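Here the structure is laid out as structure tokens; the discussion comes afterwards.
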Amino acid sequence: MDSSYLKLCDLLRSVGKLRDTRQMEVDEMVACFLNILAHDVKNREQQWHFRLLGSTISKCFNLVLNAVLRLHEVLLKNPSL
């Protein structure tokens, strides 16, 4: 699990062009993003868990989502006939 998570973070950094912000590092942003997706966690709960403002959580989610969307060519392949 750890190596998969680190590979995802590295892929988001290199191909997805995700960078650290003043408030959060890439690893923490990805953890926040995955927690929201996996557990259907609301912004308010994330604020309490990560001790950050709601706007920071929202910005983090959008940054990671855009980086994931940039990975579509790497992650999605057309089926070969």
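Values quoted throughout were computed directly from the atomic coordinates according to the rules given, and no laboratory measurement underlies them. These numbers come from a predicted model, not from an experiment. Ideal geometry is used to build each Cβ from the backbone, glycine not excepted, and the neighbour counts take in all protein chains shown.
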- Count - residues of segment 9-27 that are surrounded by fewer than 16 Cβ atoms within 10 Å (Cβ to Cβ), in a helix (DSSP H, G or I) and either among the small types (Gly, Ala, Ser) or touching a residue at least 12 places away in the same chain (Cβ under 8 Å) (or both): 2
- Query: Looking only at segment 47-66, which residues are under 18 Å from residue 9 (Cα atoms) and of a type in the set (Val, Ile, Thr)?
  - Reply: 57, 64
- Query: Can you tell me how many residues in segment 38-65 are in a helix (DSSP H, G or I) and either free of Cβ contacts under 8 Å to residues at least 12 places away in the same chain or loosely packed, with under 12 Cβ neighbours inside 10 Å (or both)?
  - Reply: 9
